[in-house]
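Visitor: Before anything else, here's the structure in question.
The values are calculated or read from the model by the stated rules, or taken from the named source; none is laboratory data. These numbers were taken from a predicted model, which means no experiment stands behind them. Glycine gets a Cβ as well: all are built from the backbone with ideal geometry, and neighbour counts include every protein chain shown.
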Amino acid sequence: MSASDDQTTLTTDTAALAGELFAPGVGAQAGPPTTPAAGTGTAGDVSPGAHSHGGPAPTGSPAERFTSTDPDAFAVPTGREEEWRFTPMRRVRQLLNGAPSDAHLRWDTDLPEGVELTSVEADDPLLKGLPEPVDRLAALTRQRSNGAAVVRIATEAVLDRPVTLGLSGTGSQDVVWGQLVVEVGAFAKATVVLDHSGLAKYAGTVSFLIGDGAQLTVVSVQDWAAGTVHGTQFDAVVGRDATLKQVVVTLGGDLVRLVSNVQYAGPGGSVDLFGLYFADETQHQEHRLWVDHATPHCRSNVVYKGALQGENARTVWIGDVRIRPAAIGTDTYELNRNLVLTDGARADSVPNLEIETGEIIGAGHASATGRFDDEQLFYLCSRGIDAETARRLVVRGFFADVVQHIGVPALQERLMTAIERRLGALPELDEQPVEVA
Amino acid sequence: MTSPTATPTSTGTAGTSVLEIRDLHVTVGEGDEAKEILRGVDLTVRGGETHAIMGPNGSGKSTLAYSIAGHPKYTITGGTVTLDGEDVLTMTVDERARAGLFLAMQYPVEVPGVSVSNFLRTAATAITGEAPKLRTWVKDVRTEMEALEMDSVFAERNVNEGFSGGEKKRHEILQMRLLKPRIAILDETDSGLDVDALRVVSEGVNRAKADSPVGVLLITHYTRILRYIKPDYVHVFVNGRIVEEGGSELADKLENEGYAAYVKDSKETAKA
């Protein structure tokens, strides 16, 4: 019964083209199509989207995503909107209805040489140039955070250790509205760890402005105490030939809703978005990704893995990738795997791929939600390993596969220990029979 | 039907193992969908012997291998399998392995996030009941990996993840060498291997045979691997049962004539 419960949707500019290119489900992958997309005029000498015959072209392009810095430009969410329909509104209203406040997270920072931590006022031009909020919560955060903390990594700096921002909730009932900007100078190489813990109601926005040729690894750990409600919009602007590796690890909190947006400022950008989440009973963990390929020769790779256990454990993964007409030579793939460890848990997984040019290297997605892979268990057991040890190995490996991308050994060890502890509290693990689909 | 192993040519000294399969019937699927794949298999494999099971695609060779190993996809509907008199069919998959059975799989499974070294050590600990002594273990693994012409970085890779076909098969034989089974079933270990990889893998099996009285059940479609691993017995497997048995000369006959005659015979037998 593995790989069941697929929920896969797919949209492209021309349904007929897409229908031949991509089958929904596991392992869909395609090369460039051999026919031009509809509305692109004569094949060969007119670039997609350029119309030589005038008139409104029936491009069928999807609507632009609405963004604004003004909270009131967004309707107050009811839970019926596409971007809120998976979110438990009662819980997220603790943020949406929160008043402006001076509450803060406690900061414990470790700043290597070449890194500066400052702050800017709300009217600073830096903030005006940031990608805009995509929902009301992020817009409220922008408005109420009253400026931003700024981490600057000098041009060509190669840091000798990670920048660590320990951000802990102090248990305040007030919503913490926080804005952070991480500026990475051209050709710098850095790892930035945002380590969230404690009890908080926290609405944040975090922007990564990655200079040309820079290499940034960002790790965001949500190791919140029970009772925490956390919503953050991450934005990355990836410079020419720059690389971004983002690793999101969500373990704690009542509700965590993270929106990660990526845009490319020039060609040659390369992005890996890794995610790991582990929801226990009543936890809601939502990760919404949006990778906007609008420049040529960029790549993106998304791997999110989650496990769920216990009654009403709930996870949501939305993976939106858009390849615009100009983004020739794009190479993108996204994968979401959910391991449902017990009954009563629910994982939603919705990859969306919108392709507006055929001149790409590759585009695909895979999504699977199910119980253990029984062939993996059989393989391990056939080597003498008892069924329970085999299950623990598989789950541990399932997560280690993501954790090993962090590249900070002490943090990796801490996270794996935390995961082991969660698995230790898994009463049904040794009772599940080995079943084979 | 008399088993050719009733008069074993190898020295059947006390202490060598014996796997006995008697009138084994196996189905796959459930209820009305159930389909009988094995239709009365009789076979005895003793320690030190090498048996080749040869047959056309779809004859049930792999089903035999997986049924012995305990894959839950298959339902035993009749017959017995014993290892040194112990009932294998009532054992769990891991108990069978600890009893001394090993299956080298045709399509080894990827286990993301679990390193080869961790996997091998966990398996060896399970089989022997105690963690192997670190120093000798590392040396054993390294020695055998070198013999199988596997790069040392292999140990840090995830189990079977991104392995080529040849690498997967070397990894299977590496496990056989380290876990030291009493009876090893090799399910189409030769499939998809180039000549070099076939030689390396075969030499690994021959080393295992030289080191211990392991009984080998070699399942193959082709005679190619039998030039490297000499079988004591060859069994022709058609339509869910053994239809002919002989020595290694039978493999030569199959090489020249193929399975056509047996497939035809088997249909006539089925009618009769």
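Visitor: Provide a single number: the residues in the stretch A:380-392 that are at pLDDT 90 or above, of a type outside the set (Val, Ile, Thr) and crowded, with 23+ Cβ neighbours inside 10 Å.
Guide: Counting residues in the stretch A:380-392 that are at pLDDT 90 or above, of a type outside the set (Val, Ile, Thr) and crowded, with 23+ Cβ neighbours inside 10 Å gives 6.
Visitor: Would it be correct to say that residue B:134 is within 19 Å of residue B:183 (Cα to Cα) and not β-branched (Val, Ile, Thr)?
Guide: So residue B:134 does not fit the description; no.
Visitor: Select the helices (runs of 4 or more DSSP H) contained entirely in the stretch B:90-169, then report the ones holding at least 1 residues which are in contact (Cβ under 8 Å) with a residue 60 or more places away in the chain and away from chain A (no Cβ under 14 Å).
Guide: B:134-147
Visitor: Moving on. Would you pick out the residues in the stretch A:398-415 that are modelled with pLDDT of 90 or more and either at the interface with chain B (Cβ under 10 Å from one of its Cβ atoms) or outside any helix (DSSP H, G or I) (or both)?
Guide: Matches in the stretch A:398-415: A:398, A:399, A:400, A:402, A:403, A:404, A:405, A:406, A:407, A:408.
Visitor: Does residue B:170 satisfy being of a type outside the set (Val, Ile, Thr) and more than 19 Å from the chain's Cα centre (by Cα)?
Guide: no
Visitor: Give A:148, A:226, A:138 a once-over and let me know the one that is under 20 Å from residue A:254 (Cα atoms) and surrounded by 18 or more Cβ atoms within 10 Å (Cβ to Cβ).
Guide: A:138
Visitor: Separate question: For the stretch A:358-378, does any single residue satisfy the condition of being within 14 Å of chain B (Cβ to nearest Cβ), in contact (Cβ under 8 Å) with a residue 24 or more places away in the chain, closer than 16 Å to residue A:280 by Cα and in contact with a Leu (Cβ under 8 Å, 6 or more places away or on another chain)?
Guide: Yes: the stretch A:358-378 contains one or more residues that are within 14 Å of chain B (Cβ to nearest Cβ), in contact (Cβ under 8 Å) with a residue 24 or more places away in the chain, closer than 16 Å to residue A:280 by Cα and in contact with a Leu (Cβ under 8 Å, 6 or more places away or on another chain).
Visitor: So how many residues does the stretch B:69-110 have that are more than 17 Å from residue B:183 (Cβ to Cβ), under 15 Å from the mean Cα position of the chain (by Cα) and surrounded by 18 or more Cβ atoms within 10 Å (Cβ to Cβ)?
Guide: 2
Visitor: Counting only residues that are buried (at least 19 other Cβ atoms within 10 Å of the Cβ) and either assigned to a strand (DSSP E or B) or modelled with pLDDT of 95 or more (or both), how many does the stretch A:358-372 have?
Guide: Final tally of qualifying residues: 8.
Visitor: If I filter the stretch B:174-187 for residues that are part of a helix (DSSP H, G or I) and more than 21 Å from residue B:215 (Cβ to Cβ), do I get at least one hit?
Guide: No, there is no match, as no residue in the stretch B:174-187 is part of a helix (DSSP H, G or I) and more than 21 Å from residue B:215 (Cβ to Cβ).
Visitor: Still on this structure: Consider residue A:347 against the criteria (1) among the small types (Gly, Ala, Ser); (2) within 13 Å of chain B (Cβ to nearest Cβ); (3) surrounded by 24 or more Cβ atoms within 10 Å (Cβ to Cβ): it satisfies all of them except one. Which criterion is unmet?
Guide: Every listed condition holds for residue A:347 apart from (2).
Visitor: Looking for something among the charged types (D, E, K, R), more than 8 Å from chain A (Cβ to nearest Cβ), in a loop (DSSP other than H, G, I, E, B) and in contact (Cβ under 8 Å) with a residue 12 or more places away in the chain - is there at least one such residue anywhere in the stretch B:68-77?
Guide: No, there is no match, as no residue in the stretch B:68-77 is among the charged types (D, E, K, R), more than 8 Å from chain A (Cβ to nearest Cβ), in a loop (DSSP other than H, G, I, E, B) and in contact (Cβ under 8 Å) with a residue 12 or more places away in the chain.
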